[in-house]
Amino acid sequence: MLLENKVALVTGGSRGIGASISKKLALAGAFVVVNYLKNEARANELVEEIEADGGRALAIVADVRDEVAVQTMIKQIEQQLGVLHIVVNNAFTPYEFNPKNRKMLADLTWFDYQSQIDGSARALMNVMQAGLPVLKRNASSKVVNLTSDLVNIPATPYHDYVVGKSAVMGLNRSMAVELGAFGIAVNAIAPGLTYPTESSQFTKRDVRDAIIEKTPSQRLTTPEDVAGTALYLVSDLSANVTGQCLFVDGGLHMG
Amino acid sequence: MRNKTTEIQDKILTFIHESAEDTSKVAGGGHRFSNLALDVFSYQFQKNEPYRKLAMLKGKTPLTVRSWKDIPLMPIQAFKAVDLTTVGSPEPEDVFYSSGTTNPENKSKHYLSDLTVWNASMKVGFQKFVMGNRDKMTIFSLFPGEEENPNSSLSRYIDTAIDFFGTPGSQSFVQNGKIDYDGFVQALESAIQKEEEILIIGASFSYVHLLDWLKEQKKNWQLPKGSFLFDTGGFKGKSKEVGMEDLYAAMEESLGVKRNQILNMYGMTEISSQCYDDAIIKANAGEAPSYLKQTPDWVHVLVLDPETMKPLLDGEKGILAYYDLSNWESCVGILTEDMAIKTEAGFQLLGRAKGAEAKGCSIALDELLKVK
Amino acid sequence: MNKTVTTIPVYHLPSVITGLEFEELTIENAHGSVKMVSPVLSTDLISKLVVSVKEKQRAYLKKQTTAQIIDVIGEAAEKWTDPNYHLRQLALKTLPIVTGYDASMIELELKRFIRLFRKKNLRRFVQSEIGLFGNVLDDFQPNASGGFSKFYGPDLIFQVFSGNVPGIQLWTLVTALLVKSPTIGKLTFAEAIMPSLFVSSLAEVDQELADSIALVPWRSEEGKALEEVAIEKADAIIVYGGEKTVNSIHEKVGPNKRVLTYGYKIGFAAIGKEALTTDRYPKLLDGLAADIALYDQQSCLAPQSVFIEEGGAVSPLEFTSMLKNALANFQSKHPRARLSENELMSIESARQKAEIEAFTGAETTVFKIEKNLDYTVVYHGRVGFEPSPLNRFINVFAVSSLDEILNVLTPYAQYLQSAGLAVAPKRLFRLADELGAVGVNRIAAIGEMNHVPSGWHHDGGFNLLDLVRVTDIEASAEYASESFDSDVE
């Protein structure tokens, strides 16, 4: 199995894209720590689902925006699992992708930006700073950061969201530079509009159709699509790949 | 805490006793062994701090381990460096120390707060592999008993054998660190006269001393039919260097036993069970022995590739890993320093790995240890 | 996989020795197959070889000037700088099979090594040690006390080689030639190729010069009688080897002959905090990994422990974690040799020891790949010194100051040799002096520990000076001789 004897942490791993990634990694043999923010029942349900499929997982609550909570989570992982090889930074501050109701540039407050930055850059900082000492002990480790293709093609200008995800894109590269020498590969995934997820439920059919029309593959991205790329990036299949961002959007953006 | 401790012992005792009644009862495709091994590991993970830390370093914790084969292995060297105990041992019922070295810091320590499981493991294994259908035998030991040699697991083992399986004349002939040859000869000749089946128990080096003495005295005997020699230990820089097969040949000559009347036992201070070859089992069944070591049902072994530490296929040479349910107080999985080959019929020990010499001009660790 | 068997002579005999029987030893492994051919030996043959090389020394070698000898060796070395040179190709084909070292690593290292024997380097070598460009080996030269002196090499040198690091034997083979001494060499089957082939190259340039050297391999345990003959006939003995070999030779030789020993040694590296800046550390990392990994740490020049000073921009622990990655990278470029069971067990046992340290509370971290034993990096959060089981196993010690390392090195004084040092100039000389006092005899840059310059002092001794004896014509004799000139006024 691709991820035999590996331990993976998926932040925001209990639902949407995160849940798909959690399942995918567990199926490939990893022990998956499903991090969640609020819905314990849902996280446990996912763990049970993974276990029913023969995988192994553990749900741990932590608000990734909270430094102390993240440190506690990493400590828990160390105590219960001893090691950690893979981190998927997937959590983000809840965002409603609603093209009809998005905030215009003039209406945005700093709070809007701040909350997206907290959910992306700050979360990344918290998770990496707490997790790095553990990752640096491994012969090799993998970090995957979820960003968005909106960073490159802001078809709908969700300014605050794009700011947060752009920060991820920048950090993705600079982290890759510093961490390469430690055997830690850092890569990003930029999904296109991923449907169905809770965040994308407000993106109505007309917009979806418009996107599909421009997409070479003629369809939207599914959480499962993203999970496949995540599996590639956290496994040895992607050996010596770092600092990259893979767009999983049916070819809408071509880097 | 007491409950958990009692509970885990009870489970193991049940397993051992059911194995004694009927091996097939506990076999069950190995699931029972595996499940109980995982229980024991979880228990030890909670209570044995060094073992927990080792498990964490290896990423093999009760959450991630799913089969007995994944249970982390405690290197046997660790028994010298650290106290490995689940109970915490202010007043252990017994501590076993390894013999050999004079420096107490280089002795292995195996703490036992309760000998119930150890006794059960010893007796059930001894009954099956040594006694067979017999209830009692005349046991003469060339290795000291506990009184003479406290804190030795082998001495306790021999005392237990004599107490439990020996006829009234059974005893150890070692006093003040010396074999009492006169007493031994007297007892032996009297037993031979009465045609009693005798079991002589000794460490390999005890036989070397005995054989030297017999040679000096120009004595030899023909042990009564049904008698056995029981040998354990091999040679680790003790006494003079003799190959095991040479030793057995000399034993055959001086004591009038056939090769298939010599049984070898594999045991260690750090574990609570023993493995035996099939000499007696096969002799009782009228079959030719393979001399391969047999594991009791509560012990499983693996042979690991020294490069990858992954299990090797049957027939390949590697390091012996020893999983012993009766080791509930320390570590269920132990990495020995013995090289072995495993087959379906049992495992064969091939001695310790030798230190490596440098190939170039840099002095290697092992050589430096030799000269220091 | 190349299944063809390459046949290679692993000996060199003077051309007058003929009519011998030969035996073969075939080595076959994943890298290929080599048939090593060498003569069947007897004490008679060794005696014959002795007579032959001594005769050649008298008749030819001793009449050559040092400059002429340098020319021959230099020309032979130049041949090896040509990638198409047939003996170089033969060496590169067979050495990986016999030694197990990575083929591309051998190629790179051998290429660098052989350049040390270019004419210009040999001249520097002789000049640095004897001066006068070696003329004092050719004729009486004026000395500082008013007379004249001439240096003489031993009448016969018996060289006992060991180890499988390719080429190290060339140092003393060349040294013997430079002091105009004939050599009987006992090769080891572990690496008999480079000395044999290099002397063949000498023969291509100057057959008579090469005829003053005889090299044959035998196994120490089988060749006691051969060794006795060689020791008896030799005036000086050069021994490479472990403590056991060196001691046994010393015992046999007795007190009256000169014995030069190159025993097994320990190297280490020390990195000061000033070198651990964020812009400098990547280069240090690469260099240190190469120092550790070249020839799988088997060369005595390689480090067995590393000391890293706290207080730099990168902490010792962080640096160690990166060192692990640098070694992994080296492994993907130049894989470690396949190891014997004993070597693997030795590494495994050292790993276990480190892990026991790690879970018994010491500040120890073991960096390794779980999958195999390719490399192991053990970080100790305290000062200490640990010899390594070699084969890319390194102990790293964090120290609050490099001054702390002197105490831990002292017990190993007799084994110390190379130190790789990364410190600023103002500390270099002070630290070098302190290390020198403890027994270190070579200080190199990190990344260059395995590369010695020509003119280095092997194990802290002199190469040529330790072999020669001197004859002085004192001033009185010189002046007195004037009075015996028949034409004196």
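The values are calculated or read from the model by the stated rules, or taken from the named source; none is laboratory data. Please read these numbers as outputs of a predicted model, since none were measured by experiment. Cβ: placed from backbone, ideal geometry, glycine included. Neighbour counts: every protein chain shown.
Checked against the criterion of being assigned by TED's automatic domain parsing to the domain that holds C:Ser220, closer than 27 Å to B:Ser362 by Cα and part of a helix (DSSP H, G or I), the stretch C:144-162 has no qualifying residue. With (1) closer than 17 Å to C:Glu386 by Cα; (2) more than 7 Å from every other protein chain (Cβ to nearest Cβ); (3) surrounded by fewer than 24 Cβ atoms within 10 Å (Cβ to Cβ); (4) among the β-branched types (Val, Ile, Thr) as the list, and C:Ile356 as the residue in question, which single condition is left unmet? C:Ile356 satisfies every listed condition except (2). Of the residues making up the stretch A:78-90, one or more are away from chain B (no Cβ under 12 Å), modelled with pLDDT of 95 or more, in contact with a strand residue (DSSP E or B) (Cβ under 7 Å, 6 or more places away or on another chain) and part of a loop (DSSP other than H, G, I, E, B). Taking residues in the stretch C:441-461 that are touching a residue at least 12 places away in the same chain (Cβ under 8 Å), and partners anywhere that are among the hydroxyl-bearing types (Ser, Thr, Tyr) and in a loop (DSSP other than H, G, I, E, B), the pairs with Cβ atoms closer than 9 Å and at least 6 places apart or on different chains are C:Met449/C:Ser299; C:Asn450/C:Ser299. Taken together, the residues in the stretch C:230-246 that are closer than 21 Å to C:Leu177 by Cβ and of a type in the set (Asp, Glu) amount to 1. Cβ-Cβ contacts under 9 Å between residues 6 or more apart (or on different chains), taken from a first residue in the stretch A:205-221 that is at pLDDT below 95 to a second residue that is part of a helix (DSSP H, G or I), are listed as A:Arg208/A:Ser200.
With the condition kept exactly as written, say whether any residue in the stretch C:406-427 is aromatic (Phe, Trp, Tyr), at pLDDT 95 or above and either within 28 Å of C:Ser145 (Cβ to Cβ) or in the same structural domain as C:Lys273 (by TED's automatic domain parsing) (or both). No, every residue in the stretch C:406-427 fails to be aromatic (Phe, Trp, Tyr), at pLDDT 95 or above and either within 28 Å of C:Ser145 (Cβ to Cβ) or in the same structural domain as C:Lys273 (by TED's automatic domain parsing) (or both). For C:Ala328, state whether it is aliphatic (A, V, I, L, M) and facing another protein chain (nearest Cβ under 9 Å). Considered against the rule, which asks whether it is aliphatic (A, V, I, L, M) and facing another protein chain (nearest Cβ under 9 Å), C:Ala328 comes out as yes.
Per the conditions (1) closer than 25 Å to C:Val468 by Cα; (2) assigned to a helix (DSSP H, G or I), the sole criterion not satisfied by C:Leu226 is (1). Total residues in the stretch C:439-485 satisfying the condition of being of a type outside the set (Phe, Trp, Tyr) and more than 20 Å from the chain's Cα centre (by Cα): the figure is 16.
Just one of the listed residues (C:Ser181, C:Ser162) is crowded, with 24+ Cβ neighbours inside 10 Å and under 20 Å from C:Asp235 (Cβ atoms), namely C:Ser181. On the stretch given as the stretch B:304-362, residues that are crowded, with 23+ Cβ neighbours inside 10 Å, of a type in the set (D, E, K, R) and assigned by TED's automatic domain parsing to the domain that holds B:Trp68 total 2. All of B:Met251, B:Met309, B:Met268 fail the test of being within 14 Å of chain C (Cβ to nearest Cβ) and not acidic (Asp, Glu), apart from B:Met309. Among the residues here, B:Glu189 does not qualify as touching a Pro at 6+ places or on another chain (Cβ under 6 Å), over 18 Å from B:Ser155 (Cα atoms) and surrounded by fewer than 16 Cβ atoms within 10 Å (Cβ to Cβ). The residue pairs whose first member lies in the stretch A:50-66 and is within 11 Å of another protein chain (Cβ to nearest Cβ), whose second member is outside any loop (DSSP other than H, G, I, E, B) and β-branched (Val, Ile, Thr), and whose beta carbons are closer than 6 Å, counting only pairs six or more residues apart or on different chains, are A:Ala57/A:Val32; A:Ala57/A:Val34; A:Ala57/A:Val47; A:Ala57/A:Ile50; A:Leu58/A:Val33. Just one residue in the set C:Glu208, C:Glu221 is touching a residue at least 12 places away in the same chain (Cβ under 8 Å), over 27 Å from C:Met105 (Cα atoms) and either assigned to a helix (DSSP H, G or I) or not assigned by TED's automatic domain parsing to the domain that holds C:Lys324 (or both); that residue is C:Glu208. Can you work out which of the residues in the stretch C:359-400 that are outside any loop (DSSP other than H, G, I, E, B) and within 8 Å of chain B (Cβ to nearest Cβ) is surrounded by the most Cβ atoms within 10 Å (Cβ to Cβ)? This residue is C:Phe359. Could you check how many residues of the stretch C:75-85 are surrounded by 13 or more Cβ atoms within 10 Å (Cβ to Cβ) and farther than 13 Å from C:Arg115 by Cβ? So the count comes out to 2. How many of the residues making up the stretch C:331-353 are more than 7 Å from every other protein chain (Cβ to nearest Cβ) and in a helix (DSSP H, G or I)? Residues meeting the conditions: 6.
On the stretch given as the stretch B:43-70, residues that are part of a loop (DSSP other than H, G, I, E, B) and within 23 Å of A:Val47 (Cα to Cα) total 9.
Within 24 Å of C:Pro389 (Cβ to Cβ) and not β-branched (Val, Ile, Thr): is that true of C:Arg280 in this structure? Considered against the rule, which asks whether it is within 24 Å of C:Pro389 (Cβ to Cβ) and not β-branched (Val, Ile, Thr), C:Arg280 comes out as no. In the set (1) modelled with pLDDT of 95 or more; (2) within 14 Å of chain C (Cβ to nearest Cβ); (3) under 30 Å from B:Lys58 (Cβ atoms), the condition left unmet by A:Ala130 is number (2).
Results for (1) in a helix (DSSP H, G or I); (2) surrounded by fewer than 18 Cβ atoms within 10 Å (Cβ to Cβ); (3) not assigned by TED's automatic domain parsing to the domain that holds B:Lys107, shown as yes or no for each residue.
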residue	(1), (2), (3)
B:Val130	yes, no, yes
B:Arg134	no, yes, yes
B:Ile139	no, no, yes
B:Gly145	no, no, yes
B:Glu148	no, yes, yes
B:Ala161	yes, no, yes
B:Phe164	yes, yes, yes
B:Gly169	no, yes, yes
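Of the set (1) assigned to a strand (DSSP E or B); (2) touching an Asp or Glu at 6+ places or on another chain (Cβ under 9 Å), all apply to C:Ser33 but (2). Criterion applied to B:Lys69, B:Lys80, B:Lys47 was being within 14 Å of chain A (Cβ to nearest Cβ) and basic (Lys, Arg), and the one residue passing it is B:Lys69.
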